[in-house]
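Since the structure comes first, as structure tokens, the remarks are kept for the end.
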Amino acid sequence: MLTRLAISTHEEVYRVEDRESGLRGFIALHSTRLGPAAGGLRMRTYEGDDAALEDVLNLSRGMSYKNAAAGLPLGGGKAVILGDPDHAKTPALLRAMGRAINRLQGRYWTAEDMGMSPEDMAELSRETRFVAGLNSGTHASGDPSPVTARGVLGAMRAGAAQLWGTQNLSGRHVAVQGLGHVGWHLCHLLHESGAKLSVADMNPAHVASTVREFGATMVDPRSIHAVDADIFAPCAIGGVLNSRSIPEIRARMVCGAANNQLASPEDAERLRARDILYLPDYVANGGGIVNVAAEILRIAPRAPWVDERLDAMQARMAHILARASGEGVSPAMIADRLVEEQLLQVAV
């Protein structure tokens, strides 16, 4: 069952329920000004419906900004399923979500996100064609995580050039919070770049493999943000940059793959006041949606198109950082201003 909710900040928001499969979730379309709303499907254990709804609203708004910042002809949307993906996810549940997405007739395109895999996307695709991140097919893009990590690395290089006058990350100490798909790939790229790694994750197996493969140092997840490092890279859940954590951060730069890293808009100014360079998350982590967009838009050949847009994302980040420095404001303010100006130029 698809029930529309009245949310003034969004174009369309739906509660999704299917008693037979146990599905409970939400789909949010924040904006379709630039094109169909696109954003991943996330499954996680929420405290309740209110927490899940708040998450999908924040994430879908972030996708509008992310897609615009990446120069894509796509709007912003997101979907969430309440439940433990390791135990509650079933083919029946995924197919029920696929049917719900299909009822939106292409106004929303979904893809892989937290708690989901390309195999799960294939299950959804049995009920709807409005799904990307597939492993097979003419324009299949597969797991977007490696491309997301490449985009974050490019953003870090832009930040390094701003702070230290060089894009070279060799010898830089990076504290990575979260070693899921994107966090692990980012560690791989940083290791290849000669960076020193401190890592933390709630899953001991993820930590052990990263320590073993990349010579990383294990850190307690509760204190990874406070490591004396050059760069702090949040790659887990959002809201990690807040009034409690910011005074404890010792890194000169914050740049990671997590969405909605700032707990509040005021936290961007708290970081600036401490002379910590914050790289707006939706600009840094847009590589995954670029990869997915190539599938949605049926781009061929895909690889050079993706490479070109990753280069453009890095250049955009450098531009944002330079303007923020020149105006004496947070990069978050400049990034939001640029995107909002871009959206206003599009006819409703």
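The values are calculated or read from the model by the stated rules, or taken from the named source; none is laboratory data. Please read these numbers as outputs of a predicted model, since none were measured by experiment. As a convention, Cβ positions derive from the backbone with ideal geometry for all residues, glycine included, and neighbour counts pool all protein chains shown.
Determine, yes or no, whether Ser264 is among the hydroxyl-bearing types (Ser, Thr, Tyr), outside any helix (DSSP H, G or I), surrounded by fewer than 24 Cβ atoms within 10 Å (Cβ to Cβ) and without any contact (Cβ under 8 Å) to a residue 24 or more places away in the chain. Yes; evaluated as a whole, the condition is true for this residue.
Exactly one residue among Arg244, Arg309 is among the charged types (D, E, K, R) and not in a helix (DSSP H, G or I), and that residue is Arg244.
So that you can scan it fast, the table gives a plain yes or no per residue for (1) closer than 30 Å to His191 by Cβ; (2) out of contact with any Ser or Thr (no Cβ under 8 Å at 6 or more places or on another chain); (3) crowded, with 18+ Cβ neighbours inside 10 Å:
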| residue | (1), (2), (3) |
| --- | --- |
| Leu104 | no, yes, yes |
| Glu119 | yes, yes, no |
| Arg126 | no, yes, no |
| Gly154 | yes, yes, yes |
| Trp164 | yes, yes, no |
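The set of residues in the range 192-219 that are closer than 13 Å to Ala233 by Cβ and in contact with a helix residue (DSSP H, G or I) (Cβ under 6 Å, 6 or more places away or on another chain) comprises Leu197, Val199, Ala200, Asp201, Thr210, Ala216.
Is it fair to say Ala140 is within 18 Å of Arg298 (Cβ to Cβ) and in contact with a helix residue (DSSP H, G or I) (Cβ under 9 Å, 6 or more places away or on another chain)? In short, yes. Of the residues making up the range 167-195, those that are among the β-branched types (Val, Ile, Thr) and either within 15 Å of Val254 (Cα to Cα) or assigned by TED's automatic domain parsing to the domain that holds Glu112 (or both) number 2.
Yes/no matrix, rows are residues, columns are (1) in contact with a Lys or Arg (Cβ under 8 Å, 6 or more places away or on another chain); (2) assigned by TED's automatic domain parsing to the domain that holds Glu54; (3) farther than 24 Å from Asn260 by Cβ; (4) in contact (Cβ under 8 Å) with a residue 40 or more places away in the chain:
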| position | (1), (2), (3), (4) |
| --- | --- |
| Ser198 | no, no, no, no |
| Ala205 | no, no, yes, no |
| Phe214 | no, no, yes, no |
| Val227 | yes, no, no, yes |
| Ala236 | no, no, no, yes |
| Val240 | no, no, no, yes |
| Ser245 | no, no, no, no |
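Of the candidates Leu163, Leu82, Leu94, the single residue that is in contact with a strand residue (DSSP E or B) (Cβ under 8 Å, 6 or more places away or on another chain), in the same structural domain as Glu17 (by TED's automatic domain parsing) and of a type in the set (A, V, I, L, M) is Leu82.
One residue alone among Glu327, Glu341, Glu295, Glu308 is farther than 20 Å from Cys255 by Cα and crowded, with 16+ Cβ neighbours inside 10 Å, and that residue is Glu295.
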